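The values are calculated or read from the model by the stated rules, or taken from the named source; none is laboratory data. None of the values given here were measured: they were computed from a predicted structure. For neighbour counting, all protein chains shown are included, and Cβ atoms are generated from backbone atoms with ideal geometry for every residue, glycine included.
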Amino acid sequence: MSQHEQMAALLIGLETALSMSDRLKVYMDFWRNMPATQARMNFEAALIDFHVLLLRFLASAMRIYQKGRLTRAFDPFWKLEDVRSFERDCDRIATRAETEAHNCDRTLAASGRENLDNLLTQIDLLNLPFAGGAAFDSYQDDLDPRCHPDTRVDLLRQIRDWAKDPQGKCIFWLNGMAGTGKSTISRTVAQEFADQGQLGASFFFKRGEGDRGNASRFFTTLTRQLVAQMPSLLSSVREAINADQLIFEKSLKEQFQKLIYQPLSQSLVRLPILVLVIDALDECEREGDIKTILFLLSQTQHLKSVHVRVFLTSRPELPIQLGFERMSVDAHRDVELHDVPRETIHHDISAFVKAEFTKIRNDYNWTMSQDSCLSADWPGEQNLRAITEIATPLFIVAATICRFIGSPQWDPEERLATILEYKSGHMSQLERTYLPVLNQLLVGLIDSEKERLGREFREIVGAIAILADPLSTFSLAKLLGVSKKRIDLRLRPLHSVLRIPKDQHSPVRFLHLSFSEFLLENEKCRQTSFGVDGIATHRMLAECCLKLLSGPEGLRKNICHLESAQLRSEVEPQTIRDHLPERIRYACRYWVHHLEKSTTRIHDQDKIHSFLKEHLLHWLEALSLMGNVHHSVHMIGQLELLTVSKAFRCVTMNAK
């Protein structure tokens, strides 16, 4: 058995121990509130055995951790069969504890049974990892728009009719180019289905937003929502988790079959049509995962106990087109937004623009004296038509222009004139939209100031475009090593393209992926001071992450000052947040990602080699405290692929 396999086995065991310790904590909370009975004593004995099992395993892991590197390099310190035996013991004692909990339930009144039901629900939800912010009504996307009542009328009617038809096709695929308003439509229909009790679950993919940018937590996130919507699924999901504690790390197919398809197929509750809303599937990172998701979702058409419908949006990119081509034509219905009659789109954008300009005028006049107010007919029918023409068929263009003109720090009339200057000329719609926003930053500056502004823009806004997970301005300043004041100054004029919360500890986000793509890929933008070099920015972020982790507030042994043999489940989340603040957690999780994207190679005695010699075990400890230890094997594998030296391999193998 190779040392890599030994390390993988140990990490699997640690992940199981962490999961079971969370479960044990819930059992302990239940035990403390029980009356003194024989059943309670039996339950207590099972929990003691549970504690002993976990402590023995963790003590073994601690002994391995304390061995010298040379010993770990030559002594086979762990066997896969030991981990499998530990998993079986965990399953056995967990089953015993649950049985004893049921025995306790027989001695309780109805209120006690309700407490037990709540206990089991907590256990199941604890064991269901999820992608934060992926649901349509998540707090961080609460301000994202829904369709204006006068827009998308015919399309929304089609979607409603499809969702009501028991004979309808399983998947409704709405596709269109970037900026056509797909996500706004998704949020609108998800809200309608939720209001009607018809929404089973939703997942809004978003590139660069952690777990929302990949499929690793896709099916578990849907499962959590389905269980909340259909409590009858709880027992089937619980059985699947008990049968395989590591189901969350298995293939997408296995997760889908055991956590979604089988529970739904075993449901005895006859329900009306249940809708899943999946937005921006094209923003899922791996093409293979996209094809797998499409195939698995199409299998819901075979369910008999419940009619499942999947409303799905994406750009019409090749992996998704191929996924649908391999699917039966009876399984999906396709609507292309760019095939919607231009007059319909023109009407919808016109209605949106009129409503937004009315709001801009009213908001501006509310803050101005009578002689400075905009006229009641501002901006006039001719200008409204001009803005509508510029924007059609892209809603993102209309929305960005309105935010730009309505910025409270500027005169709306002057900003409208700036936009109209870009009406003519050989430019794409996104160039007509984003270049005025960027060029406005340069007005009134001399050459040296323009050069400095461009450099700081590429550093700060370029970093936001590249980040694997959004950061707050406070954390971004700490990561980049610049003042927060400097970041605030650079972001202040960009409210039309960035969501910048007033709370310095809330993350900054791009309002639309198209702006990030514009900075990174558009040829005209690259010719300006604002074009972002993706590889160079990844390299900068990797260096910033390593500098932060190696610095005074960075990594060290026992970073949370825990007592010996203290279980992770006993550590207060606030303690972890205090000692591993957002910027440190980001650097731990993503420095390898940025290094890989920068195409940097690792050499003997370079900064990366030196960092790992000093901090590799501290880094693994931090990942464990963060609940991300399962990612470490993959990241170490990525590092080994980047190395050109034998010495580095010795460092990582000794650590394993």
Legend entry - Among (1) of a type in the set (A, V, I, L, M); (2) under 18 Å from residue 162 (Cα atoms); (3) surrounded by 15 or more Cβ atoms within 10 Å (Cβ to Cβ) - the single one residue 329 does not satisfy: (3)
Inset, instruction - Scan region 243-281 for residues that are in contact (Cβ under 8 Å) with a residue 60 or more places away in the chain and within 20 Å of residue 189 (Cα to Cα) and report the count. - result: 10
Inset, instruction - Determine whether region 371-378 contains at least one residue that is assigned to a helix (DSSP H, G or I) and over 30 Å from residue 527 (Cα atoms). - result: yes
Inset, instruction - Give the residue, chosen from 292, 300, 313, 344, that is assigned to a helix (DSSP H, G or I) and either crowded, with 20+ Cβ neighbours inside 10 Å or without any contact (Cβ under 8 Å) to a residue 24 or more places away in the chain (or both). - result: 300
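Which count do you get for residues in region 165-200 that are among the acidic types (Asp, Glu) and part of a helix (DSSP H, G or I)?
Taking region 165-200 first, the residues among the acidic types (Asp, Glu) are 165, 192, 195.
Filter once more, so that each one left must be part of a helix (DSSP H, G or I): 192, 195.
Total satisfying the criteria: 2.
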Inset, instruction - Select from region 186-210 the residues that are closer than 15 Å to residue 281 by Cβ and either touching a Gly at 6+ places or on another chain (Cβ under 9 Å) or not assigned by TED's automatic domain parsing to the domain that holds residue 327 (or both) and list them in ascending order. - result: 204, 205, 206, 207, 209
Inset, instruction - Please work out which one of (1) in a helix (DSSP H, G or I); (2) surrounded by fewer than 19 Cβ atoms within 10 Å (Cβ to Cβ); (3) within 16 Å of the chain's Cα centre (by Cα) is the condition residue 220 fails and give its number. - result: (2)
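Does at least one position in region 529-547 carry a residue that is under 27 Å from residue 360 (Cβ atoms), touching a residue at least 60 places away in the same chain (Cβ under 8 Å) and part of a loop (DSSP other than H, G, I, E, B)?
Checking region 529-547: at least one residue is under 27 Å from residue 360 (Cβ atoms), touching a residue at least 60 places away in the same chain (Cβ under 8 Å) and part of a loop (DSSP other than H, G, I, E, B).
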Inset, instruction - Would you point out which residue out of 582, 640, 596, 621 is acidic (Asp, Glu), within 29 Å of residue 56 (Cα to Cα) and assigned by TED's automatic domain parsing to the domain that holds residue 547? - result: 621
Legend entry - Matching residues, region 193-211, being of a type in the set (Phe, Trp, Tyr) and under 11 Å from residue 277 (Cβ atoms): 193, 203, 204
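So is residue 382 farther than 12 Å from residue 353 by Cα, in contact (Cβ under 8 Å) with a residue 24 or more places away in the chain and of a type outside the set (Ser, Thr, Tyr) or not? Spell out the reasoning first.
On the way: farther than 12 Å from residue 353 by Cα: yes; in contact (Cβ under 8 Å) with a residue 24 or more places away in the chain: no; of a type outside the set (Ser, Thr, Tyr): yes.
So residue 382 does not fit the description; no.
Listed here are the residues, each with its yes/no results for (1) of a type in the set (Lys, Arg); (2) touching a Ser or Thr at 6+ places or on another chain (Cβ under 9 Å); (3) in the same structural domain as residue 169 (by TED's automatic domain parsing).
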site: 302; (1), (2), (3): no, yes, yes
site: 322; (1), (2), (3): no, no, yes
site: 333; (1), (2), (3): yes, no, yes
site: 367; (1), (2), (3): no, no, no
Legend entry - Answer residue from region 436-456, given it is hydrophobic (A, V, I, L, M, F, W, C) and under 16 Å from residue 518 (Cα atoms) and is surrounded by the fewest Cβ atoms within 10 Å (Cβ to Cβ) among those: 438
Legend entry - Residues (part of a helix (DSSP H, G or I) and surrounded by fewer than 18 Cβ atoms within 10 Å (Cβ to Cβ)) located in region 380-402: 381, 382, 383, 384, 385, 386, 389
Legend entry - Selection within region 521-540 - within 15 Å of residue 468 (Cα to Cα) and surrounded by 15 or more Cβ atoms within 10 Å (Cβ to Cβ): 534, 537, 538, 539, 540
Inset, instruction - Considering each of 505, 512 in turn, give the residue that is of a type outside the set (A, V, I, L, M, F, W, C), over 17 Å from residue 456 (Cα atoms), touching a residue at least 24 places away in the same chain (Cβ under 8 Å) and surrounded by fewer than 15 Cβ atoms within 10 Å (Cβ to Cβ). - result: 505
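Taking residue 618 as the residue in question, decide whether it is at pLDDT 90 or above, over 17 Å from residue 544 (Cα atoms), of a type outside the set (Lys, Arg) and touching a helix residue (DSSP H, G or I) at 6+ places or on another chain (Cβ under 9 Å).
Working: at pLDDT 90 or above: yes; over 17 Å from residue 544 (Cα atoms): yes; of a type outside the set (Lys, Arg): yes; touching a helix residue (DSSP H, G or I) at 6+ places or on another chain (Cβ under 9 Å): yes.
The answer is yes for residue 618.
With the condition kept exactly as written, say whether any residue in region 323-336 is more than 18 Å from residue 159 (Cβ to Cβ), in contact with a helix residue (DSSP H, G or I) (Cβ under 6 Å, 6 or more places away or on another chain) and among the acidic types (Asp, Glu). First the steps, then the outcome.
First pass over region 323-336, keeping only residues more than 18 Å from residue 159 (Cβ to Cβ): 323, 325-330.
Subsequent filtering for residues that are in contact with a helix residue (DSSP H, G or I) (Cβ under 6 Å, 6 or more places away or on another chain) retains 323, 327.
If we keep only those that are among the acidic types (Asp, Glu) too, we end up with none.
Scanning region 323-336 turns up no residue that is more than 18 Å from residue 159 (Cβ to Cβ), in contact with a helix residue (DSSP H, G or I) (Cβ under 6 Å, 6 or more places away or on another chain) and among the acidic types (Asp, Glu).
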Inset, instruction - Find the helices (runs of 4 or more DSSP H) located wholly in region 407-488 whose residues include 3 or more that are over 30 Å from residue 378 (Cβ atoms), and list them. - result: 447-466, 473-480
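Rundown of residues vs (1) over 30 Å from residue 466 (Cβ atoms); (2) charged (D, E, K, R), yes/no style:
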{"position": "263", "(1), (2)": "yes, no"}
{"position": "280", "(1), (2)": "no, no"}
{"position": "306", "(1), (2)": "yes, no"}
{"position": "316", "(1), (2)": "no, no"}
{"position": "343", "(1), (2)": "yes, yes"}
